[in-house]
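Here is the structure we will look at, set down as structure tokens.
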Amino acid sequence: MATYVLPQDFFFGAAMSGPQTEGGWNIGGKLENLWDTWSIEDISSFYNQVGSYVGNDFMHHYKDDLALLESLGMNNYRTSIQWSRLLDENGEINPEGAAWYHELFRASKEAGLEVFVNLYHFDMPTYLFRRGGWENREVCEAYANYAYKAFCEFGQEVRFWFTFNEPIVEPENRYWHSMWYPQHHSFQEACTAQYNISIAHALGVARYRQAVAEGRMLPDARIGMICNFSPSYTKDDPSEADLEALRMNDGLTNRWWLDLVTKGCLPADVIKTLTEDLGIVLPARPYDADVLKDGVVDWIGCNYYQPSRVQAPSRTHDEWGNPLFAEPYVWPERVMNESRGWEIYPKGIYDFGMKCKNEYPELEWYVSENGIGIEREYLNKDPKTQQVIDDYRVDFVRDHLIWIAKAIEDGAKCVGYHYWGLIDNWSWANAYKNRYGFVEVDLMENYERRPKKSAAWLTKVATSHVVE
Ligand code: BG6
């Protein structure tokens, strides 16, 4: 097997989020977010009826977890601040919430770990959702206030900031595809939310620049956005209609955000299709072009799990009257992670790198999430040691790292890699169905952590930068 070497300054770390790990959902002045509310209102929506409350009990395990990350060869990780923990209903700092994050950042530094901080990971505070959530422009202003308060509070402790994780997911899952609370089926609402999140991002970056100008941030601080860029593909011999499906799929999910973070605008062809051809009403205000200009960031994160393969739809609208741009295209050669229903296609990360190189040549990026979640992983335990034997995880990460190495060789500005869910965590409506970790969390034994077989391999790669 060929050996690939990643640059020595390429960083390895782990990605996680506040709502999926922290727990302590109602202590220390934390307000409800939509995950807590959904858990309270309808626990049967969650796999095995495991709601948001405990995460992976990180608030009780953080010191050991940080030591574990360090022992696995990581020197940095990402998590998110929970809006519903940091601020009270008046948009003021909740001192107990702030104290938790100060302690987390202190302990991380002590463990030799740099923290990357994301401000929003699908965790809308419920009181703001009741005021319209992302459908209400005032919530964008509230987000800007939250971001500024976080910059002021932690600007001297954190270098790397991100406005959003996967901003397309809430519009899609909450408003369009009815997967997450409030489970709506409205493309119009999804577009409103997507537009307003773009505005909120730009307002957040503007407040960051303000905080920099006011001397509140560390000298080498950076701001970015993290998106799930799933490279879009269609058939090998596409019709005009397939190519049109590709244009809109790529336009809504990839170019929308890439244009926002590199050019400070939204893609004109997508906006034209939405407004002129489909009659979607975007909540645009006359001065928004100027607001969006502030959306340009210093670098980005790319969460990559699966490609997006589409073809022309067989009908123009779905049963709820929403327009259909594309239908899934099943590539005959696809390899699946059956647990998650996601295609495994490591070359996609290379293709994303080449797209950036060619279309956004100045843009620096890192792989901010990549990982494989497996159902019923406890069945793969060594009967003697009780260790999870997960060679498939090594294969998955190795294959992706090889394509990252090739992309860097071919000129991609990719500077690091974060594995998603290095320690098993709670995954939204799927709860603990699919396990991502290199480290198992035993729900029956007080959330005890146990490295899986793959952990030794990861440590070797992270410390040597040699992939084989
Ligand atoms: C990303 C998210 O979409 O993928 C994470 O940023 C999420 O929050 C991860 O957990 C894996 O997806 P899932 O749905 O299997 O948890």
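The values are calculated or read from the model by the stated rules, or taken from the named source; none is laboratory data. Keep in mind that this is a model prediction, so the values were computed, not measured. Cβ: placed from backbone, ideal geometry, glycine included. Neighbour counts: every protein chain shown. Keep in mind that these areas ignore ligands, DNA and RNA; they rest on the heavy atoms of the full protein, side chains included. Shrake-Rupley method; radii C 1.70, N 1.55, O 1.52, S 1.80 Å.
A few notes on this one:
- For region 110-177 versus region 347-368, the spacing of their alpha-carbon centroids is 24 Å.
- In percent, rounded to a whole number, the relative contact order of the chain is 18, using alpha-carbon pairs under 8 Å and six or more apart.
- Values of log10 I(q)/I(0), in the order q = 0.25 Å⁻¹, for region 88-142 under a Debye, Cα-only, solvent-free model: -1.04
- Residues with amide H under 5 Å from that of K381, placed H, sequence gap 5 or more: I389
- Accessible surface, per residue, of region 72-169 when the full set of protein chains is kept, probe 1.4 Å, Å²: 30 Å²
- Förster-model FRET efficiency, 35 Å R0, T316 and L379, C-beta, rounded to 0.05: 0.20
- Using the empirical formula 2.2 N^0.38 Å as the baseline, the Cα radius of gyration of region 319-468 reaches a ratio of 1.20.
- To put it simply, the accessible area of region 1-129 at a 1.4 Å probe is 51 percent carbon and sulfur.
- Evaluating 6.51 cos²θ - 1.76 cosθ + 1.60 at θ = phi - 60° for every residue in region 243-250, the Karplus couplings come out as 5, 5, 4, 5, 4, 6, 5, 5 Hz, glycine and proline recorded as x.
- Scattering curve values for region 161-237, log₁₀ I(q)/I(0), Debye with Cα scatterers, q = 0.12, 0.24, 0.28 Å⁻¹: -0.49, -1.05, -1.20
- When only alpha carbons are used to place a centre, region 61-88 and region 398-468 end up 15 Å from one another.
- For region 202-277, the fraction of 1.4 Å probe accessible surface lying on carbon and sulfur atoms is 52 percent.
- Length-normalised contact order of region 266-394 in % [C-alpha pairs under 8 Å, at least 6 apart]: 25 percent
- Among 314-321, 180-187, the peptide with the highest mean count of other Cβ atoms within 10 Å heads the list, and the full ranking is 180-187, 314-321.
- Surface exposure of region 371-450, expressed per residue as accessible area with a 1.4 Å probe, stands at 39 Å².
- Per the Kirkwood formula applied to alpha carbons, the chain shows a radius of gyration over Rh ratio, Rg over Rh, of 0.94.
- When nucleic acids and ligands are ignored and a 1.4 Å probe is applied, C414 ends up with an accessible area of around 10 Å².
- The calculated P(r) of region 296-405, using every Cα pair and 5 Å bins from 0, goes 2, 9, 15, 16, 15, 15, 13, 8, 5, 2, 1, 0 in percent.
- Between amide H atoms placed 1.01 Å from N, distances below 5 Å from W342 occur with N337, all of them 5 or more places distant or on a separate chain.
- Out-of-range pairs (alpha-carbon distance over 25 Å; input K413/K433; K63/K453; K109/K381; K347/K413; K30/K453; K413/K452): K413/K433; K109/K381; K30/K453; K413/K452
- Estimated vicinal HN-Hα couplings, Hz - region 207-216 in sequence order (Karplus 6.51, -1.76, 1.60; Gly, Pro = x): 5, 5, 4, 4, 4, 5, 4, 7, x, 8
- Region 69-169, relative contact order in percent, only Cα pairs under 8 angstrom and at least six apart counted: 35 percent
- Largest first, the residues V139, V415 sort by 1.4 Å accessible area into V415, V139.
- Shape category assigned to region 40-132 from the gyration tensor of Cα positions, a/c cut at 1.5: oblate
- Across region 131-141, rounded Karplus estimates of 3J(HN,Hα) from the backbone phi angles (6.51 cos²θ - 1.76 cosθ + 1.60, θ = phi - 60°) give 8, x, x, 5, 7, 10, 4, 5, 5, 5, 5 Hz, Gly and Pro being marked x.
- Of the solvent-accessible surface of region 321-380, computed with a 1.4 Å probe over protein heavy atoms with every protein chain present, carbon and sulfur atoms account for 50 percent.
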